[in-house]
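**Q** Mind having a look at this structure? Questions to follow.
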Amino acid sequence: MKKISKYILLSLFAALSTHYVNAQDTLEYYVPKKKSVSHSALHLAYNDMGISFGNSKRLTGLRFNFSDNYMEKVNGLNFTIWLPEKNPNSEINGLALSLTLAEATYVRGFSFGLGGVTGDHISGISSGLVGVGSIKSISGASIGGLGVGTHGNLAGLAIAGLGIGAGDNFTGIGLSGAGIGVGKRLKGFTFSLIGTGIGESSVGIHLSGVGMGSGGSMKGIHIAGAGIGASNDLLGIQGAFFGMGSGGNMKGLNVAGIGIGAGEDLSGISFAGIGYGVGGNMTGLAFSFVGGGVGGNAKYVTAAGIGLGISEHNTGFAGAGVGVGVGSSTGLLLSGIGIGIGGSAKGIHLAGIGIGAGDNLTGFNFAGVGIGAGGTISGVNLTLGGIGAEEIRIFSIAGLGIGAKKITGIHLAGAGIGAKSIKGFVFTGGLNFTEEFEGVNISLIRMRTDAFKGGSFAFYNQVQGHQSGVTIGVYNYTRTIKGFQLGLLNYVRSNPKWARLLPLFNTNFGD
């Protein structure tokens, strides 16, 4: 056993990944060809119960030996001075102490070696100035000056000056001056000054001074000084100074100084100093000083300091200091400069400069310069500039102009309104040009239409076709009329020559 013992002492994490004994990986199964071994001892015992000084095979009581060689079983105290020889299928139950290395196939109870403690299975309280290493399992409390490690499972409390390693699972509390590595699953509480690596998944509270990574999912609280990465899901509370990323979903509270990335969905509260990116859907509050991108849908408050892009649908609040782009939206969109919507949007939409939608805008829309939609704009629309759409409904105020194929409702424009068809009430500080008008028009300069029904007040009312109703202005013109004109000059082209152009009043005098 001397070669195995020396190897364990030299390995900082005492992981025992290989050893020199004919490529075997267990003390229990490796049974070397037994040479002539002396078991001479001062044996003060009856039926192997008592006190023994020397290399006795079995004892229940107090056993003192220079170096164990083919020791079989000790119940009680086993004390050695020098490195052990070969001890296959050995067992110490109780107290194992050594000035160099405490070792047995099974070590149970309390064990301490100035060099360390090794074995196939170690349980209880074990400690060594160099480390504690086991081939198959460690359970209980283990303290290693440099490392604690096992090929198999590690359970309980593990403290190491440099590193802790488990080839399979680690369940319990781990404190390491440098790093922690787990081949499969990690559960409990761990802290490492540098990094933690998990082959499969982790559950619990895990802290790392630099970084933390998992080949599977991570659940609980994970905090790293630099970064956190999980191949699958990140669930719970995550914090990293630089960034964190998940190949799967991220749920809970996620905070990163620079960036956050999720391959699938992100839900909960997320903050990134520069940006975040989500391959799937985002639900909850997400904030970034610079930018954010969502490959799927976004719900309930999504904000970015400069830009925000949502590939599919936004529900709730989405805001950006400069611009927001979404596939479609329901709720409130807010942007310091502009909003672009590939499809339709419903709710409240605010932009410092402009709002544009490929399809419909429904609800309240405000833009400092302009509002435009490829489909219908319906609701209350306010802009200092202009409004344009296929159809505009209900109520609009534009500092400059309003234009659409069809306009219905109440609409006010500082300069002018133009449409193929207008129904409702229209006020313009300048012009109203339309092919068909039905309702009430007030235009300070000119109203021009092919067909008119209702009432109009303008400096110049021009009806290229039939007028049904009343026009009031300085000059009124129509081809045919059913109603009357009031103005300085009034012209009805279908009237007899003497009644075509009349002052103050005109109507149909042809029938």
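**Q** Of Tyr475, Phe242, Gly277, whose Cα points farthest to the positive end of the dipole of the chain (charges on the beta-carbon: +1 Lys, Arg; -1 Asp, Glu; origin at the Cα centre)?
**A** Most positive-ward Cα: Tyr475.
**Q** Compute the signed sum of charges (Lys and Arg +1, Asp and Glu -1) over the other residues within less than 13 Å, Cβ to Cβ, of Glu438.
**A** Residues near Glu438 contribute +1 overall.
**Q** Additional query: Along the stretch 368-377, what does the Karplus equation 6.51 cos²θ - 1.76 cosθ + 1.60 (θ = phi - 60°) give for ³J(HN,Hα), rounded to whole Hz, x for Gly and Pro?
**A** x, 10, x, 10, x, 8, x, x, 10, 9
**Q** Given the chain, what percent of its DSSP beta bridges are antiparallel, to the nearest 5?
**A** Among the beta bridges of the chain, antiparallel pairing accounts for roughly 5 percent.
**Q** How far is it, in nm, from the label point at Leu504 to the one at Asp359 when both lie 7 Å from their Cα along the line to the Cβ?
**A** Modelled inter-label distance: 5.9 nm.
**Q** Along the Cα→Cβ direction, 7 angstrom out, place labels at Ile173 and Val440. What is the inter-label distance in nm?
**A** If labels sit at Ile173 and Val440, their model points lie 8.0 nm apart.
**Q** How large is ³J(HN,Hα), in whole Hz, for each residue of the stretch 487-502 in order, when computed from phi with the Karplus curve 6.51 cos²θ - 1.76 cosθ + 1.60 and θ = phi - 60°, using x for Gly and Pro?
**A** Once θ is set to phi - 60°, the couplings for the stretch 487-502 become x, 5, 10, 9, 10, 10, 5, 6, 6, x, 4, 5, 10, 6, 10, 10 Hz.
**Q** Let me ask another. If you take the square roots of the eigenvalues of the alpha-carbon gyration tensor of the stretch 440-507 and sort them as a ≥ b ≥ c, do you get rounded (a/c under 1.5), prolate (a/b over b/c) or oblate?
**A** It is oblate, given that a/c is not under 1.5 and a/b is not larger than b/c.
**Q** Give the long-range amide H neighbours of Thr100: residues separated by 5 or more places, or on another chain, with amide H under 5 Å away, using H modelled in the peptide plane at 1.01 Å from N.
**A** Those lying under 5 Å, H to H, from Thr100 are Leu114, Gly115.
**Q** If you don't mind, another one. Quick one: Ser142, Ser201, fewest Cβ neighbours within 10 Å first, how do they rank?
**A** Lowest count first: Ser201, Ser142.
**Q** Still on this structure: Listed highest first by mean packing, meaning other Cβ atoms within 10 Å per residue, what order do 501-507, 483-489 come in?
**A** In descending order of packing, they fall as 483-489, 501-507.
**Q** Of Leu266, Gly424, Gly50, which is farthest along the charge dipole of the chain in the positive direction, counting Lys and Arg as +1 and Asp and Glu as -1 at C-beta?
**A** Result: Gly424, furthest along the dipole toward the positive end.
**Q** A follow-up question, please. Mind listing the phi-derived Karplus ³J(HN,Hα) values for the stretch 162-173, rounded to whole Hz, using 6.51, -1.76 and 1.60 with θ = phi - 60°, and x for any glycine or proline?
**A** Result, ordered by residue: 10, x, 10, x, 9, x, 10, 10, 10, 10, x, 10 Hz.
**Q** With a ≥ b ≥ c the root eigenvalues of the C-alpha gyration tensor of the stretch 46-108, is it rounded (a/c under 1.5), prolate (a/b larger than b/c) or oblate?
**A** rounded
**Q** Further, regarding this structure: Going 7 Å from the Cα of Ile205 along its beta-carbon direction, which residues of the stretch 231-274 have the amide nitrogen within less than 19 Å of the resulting point?
**A** Correct set: 235-241, 252-255.
**Q** With an 8 Å Cα cut-off and a minimum separation of 6 or more residues, compute the relative contact order for the stretch 440-507 in percent.
**A** 21
**Q** List the residues, sorted by chain then number, that are 5 or more residues from Thr283 or on another chain and whose placed amide H is less than 5 Å from its amide H.
**A** Excluding prolines and chain starts, which carry no amide H, the hits are Leu266, Ser267, Gly268, Lys299.
**Q** Report, by chain and number, residues whose modeled amide H sits under 5 Å from the one on Ile237, excluding near sequence neighbours (fewer than 5 apart, same chain).
**A** Gly220, Ile221, His222, Leu253
**Q** For the stretch 291-397, just say rounded, prolate or oblate: build the C-alpha gyration tensor, square-root its eigenvalues into a ≥ b ≥ c, call rounded for a/c under 1.5, and beyond that prolate if a/b exceeds b/c, oblate if not.
**A** The shape class here is prolate.
**Q** Could I ask something else about it? Can you tally the net charge around Val74? Count Lys and Arg as +1, Asp and Glu as -1, for every other residue whose Cβ sits under 10 Å from the Cβ of Val74.
**A** 0
**Q** Efficiency by 1/(1 + (r/R0)^6): what FRET value for Ser468 and Ile237, r their Cβ-Cβ distance, R0 = 56 Å, to the nearest 0.05?
**A** Rounded to the nearest 0.05, the efficiency is 0.20.
Read-outs: derived from the displayed coordinates by stated rules, not from any lab. Just so you know, these numbers come straight off a predicted model, no measurement behind them. Glycine gets a Cβ as well: all are built from the backbone with ideal geometry, and neighbour counts include every protein chain shown.
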